[in-house]
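The values are calculated or read from the model by the stated rules, or taken from the named source; none is laboratory data. In this text the structure is predicted, and so the values were computed from the model without any measurement. Quick reminder, even Gly has a Cβ in these numbers, built from the backbone with ideal geometry, and neighbours come from all protein chains shown. The accessibility values were calculated without ligands, DNA or RNA, using every heavy atom of the protein model including side chains. Shrake-Rupley method; radii C 1.70, N 1.55, O 1.52, S 1.80 Å.
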Amino acid sequence: MASGPSKAATSLFKRTLALSPPRAGGAAGGSGPGGGCSSCCWAGGRVRSASGPHRLQQPQAPPPLASRGTRFLSAPPPSVLLLQDSLSDSLRRCYQYLNQTSRSFAAVIQALDGELRHAVCILYLVLRALDTIEDDMTINLETKVPMLHNFHSYLYQPDWKYMDSNEKDKQVLEDFPTISLEFRNLAKIYRDVIADICHKMGLGMAEFLEKKVDSEKEWDQYCHYVAGLVGIGLSQLFSASKLEDPIVGQDTELANSLGVFLQKVNIIRDYLEDELEGREFWPKEVWSKYAKKLSDLTKPENIDKAVQCMNELITNALHHVPDVLTYLSRLKNQSVFNFCAIPQVMAIATLAACYNNQQVFRGVVKIRKGQAVTLMMDATNMQAVKAIMYQYVEEIHQKIPSTDPSSSKIQQIIASVRSVSLPSGALVSRTHYSPIYLSCVMLLAALSWQYLSTVSKAAEEYVHTGEN
């Protein structure tokens, strides 16, 4: 797709087949992969930050194969998540829970550099445990609300656990002492971020337990609580690790957009699934223009109105894309860049597939596995990400009905995305294959089909699940 996925797409294949993760470097040390793709070496992909252009940081060479212990956490299917033999039993168990609750996140988190990898793993597990409480409909509100309010305090209570959940991820609550132990083993700068985000998210979840999303402002607020805070927390961890500049964690508005954009895409795409399960996340301020009840959008006679409603929500979501591109342009570390960029290009591709598509109200809309894997391989530098964003907003632009009520608004936001994607006005070629790309292709062709199946499953999780 983009001008060279570079070798950023190859290291994860190597890691899955045989190798353990690279050892952490210093503050500006080597960079591994992220976001489902790895980065064993680069062709010098350029990124522009507030201080000017710079190159993504190069990784340190990994130690010889013979010196590295390797193991899969579970079998079969083989996991992308590999752990070094030097990990403590409790930390290894945390990675096992990570792998059990989300293969896709196991892949992308394992690809992060150094101690940041462990901090993000624990952040994910803590928020997964919090979300499991929120999702468990067997817990009455008198019990659930105080638990959500106080969940951050359980991180400092070595023996706290919850044994009465019926949710599929209940193991993170039943063995919460292991997770909280590894939380307390983190550096204070990481602990403070995780506890703060957990506290704010718990308060937000409790607020929306009995509150429906009425206005677009409340939609933004809900998405902030459940996803924007994740973007903020991750950004603060990136800066705390010294792999990224302080501005990445300080600019909470951009970090919030990173998570909110993903959440809005999930909510738009999952309308039918949520409706069948009795959940409503589309803002009433929008859907009430098109139907008396949100569920009416599923009726065949209302399909035209339903599509117009969805198109208006997609227009709303696209307003976050310029923020996303500005955020990504500030990143220096390759593993962090991949970790952040790949979900974003998956999201824009999903929006393009949903726009003006009646199938959203009849079944599942998804991007093809091959398309998802290609996006994972390509989104490893800023130039490529801009080209991908440009391609998919152009795809949306081609499908805008002249009679759609939000057509003028979406044309305006597409013009804005164009201006930040391609300021020169010329589309970056996505068909030029550099020698580095060709060497990647040769290597990929030699890899096992077993791994390709694993990557496809991980990519499919990105497309189908609501995880951010």
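Can you find, within the stretch 83-105, the residue that is nearest to N185 (Cα to Cα) among those that are modelled with pLDDT under 85 and touching a Phe, Trp or Tyr at 6+ places or on another chain (Cβ under 8 Å)?
Selected residue: L83.
Which pairs turn up if I take residues in the stretch 107-134 that are under 19 Å from P177 (Cβ atoms) and look for partners that are at pLDDT below 95 and surrounded by 24 or more Cβ atoms within 10 Å (Cβ to Cβ) with beta carbon separation below 7 Å, at least 6 apart in sequence or on another chain?
C121/I109; Y124/F105; Y124/I109
Listed residues L65, L127, L141, L148; which is modelled with pLDDT of 70 or more and out of contact with any helix residue (DSSP H, G or I) (no Cβ under 7 Å at 6 or more places or on another chain)?
L141
Out of the stretch 293-338, which residues are more than 19 Å from G259 (Cα to Cα) and hydroxyl-bearing (S, T, Y)?
Matches in the stretch 293-338: S295, T298.
Quick one: how many residues across the stretch 259-293 are hydroxyl-bearing (S, T, Y) and under 24 Å from the mean Cα position of the chain (by Cα)?
Total satisfying the criteria: 1.
Only one of (1) more than 28 Å from F208 (Cα to Cα); (2) modelled with pLDDT of 50 or more; (3) open to solvent by 60 Å² or more (accessible area, probe 1.4 Å); (4) of a type outside the set (A, V, I, L, M) fails for D113. Which number is that?
Every condition holds for D113 apart from (3).
Can you work out which of the residues in the stretch 357-370 that are modelled with pLDDT of 95 or more and open to solvent by 60 Å² or more (accessible area, probe 1.4 Å) is farthest from E301 (Cα to Cα)?
Q359
A quick yes/no check of all residues on (1) among the polar types (S, T, N, Q); (2) crowded, with 17+ Cβ neighbours inside 10 Å; (3) within 25 Å of S241 (Cβ to Cβ):
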{"residue": "N150", "(1), (2), (3)": "yes, no, no"}
{"residue": "E167", "(1), (2), (3)": "no, yes, no"}
{"residue": "R184", "(1), (2), (3)": "no, no, yes"}
{"residue": "K211", "(1), (2), (3)": "no, no, no"}
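Scan V441, V417 and give me the residue that is crowded, with 18+ Cβ neighbours inside 10 Å and either modelled with pLDDT of 85 or more or among the hydrophobic types (A, V, I, L, M, F, W, C) (or both).
Just one listed residue meets the conditions, V417.
Residues being of a type in the set (D, E) and within 13 Å of N356 (Cβ to Cβ): count how many of those fall in the stretch 268-324.
Number satisfying all stated conditions: 2.
Name the residue that is nearest to P343 (Cα to Cα), counting only residues in the stretch 267-316 that are polar (S, T, N, Q) and buried (at least 23 other Cβ atoms within 10 Å of the Cβ).
T315
Would it be correct to say that L262 is surrounded by 24 or more Cβ atoms within 10 Å (Cβ to Cβ), on the phi < 0 side of the Ramachandran plot and not hydroxyl-bearing (S, T, Y)?
It is true that L262 is surrounded by 24 or more Cβ atoms within 10 Å (Cβ to Cβ), on the phi < 0 side of the Ramachandran plot and not hydroxyl-bearing (S, T, Y).
Can you tell me how many residues within the stretch 208-250 are among the acidic types (D, E), within 20 Å of the chain's Cα centre (by Cα) and assigned to a loop (DSSP other than H, G, I, E, B)?
So the answer is 1.
Against the definition (open to solvent by 10 Å² or more (accessible area, probe 1.4 Å) and either at pLDDT below 95 or small (G, A, S) (or both)), how does S257 come out, yes or no?
No: the conditions fail for S257.
Can L331 be described as over 18 Å from V420 (Cα atoms) and either touching a Lys or Arg at 6+ places or on another chain (Cβ under 6 Å) or open to solvent by less than 40 Å² (accessible area, probe 1.4 Å) (or both)?
When the stated conditions are applied, L331 does not pass them.
So how many residues does the stretch 128-142 have that are closer than 24 Å to Q157 by Cβ and open to solvent by 20 Å² or more (accessible area, probe 1.4 Å)?
Residues that pass the stated criteria total 8.
Those residues that are under 20 Å from W287 (Cβ atoms) and out of contact with any Ser or Thr (no Cβ under 7 Å at 6 or more places or on another chain), I need them from the stretch 394-407; list them, please.
Within the stretch 394-407, T403, D404, P405, S407 qualify.
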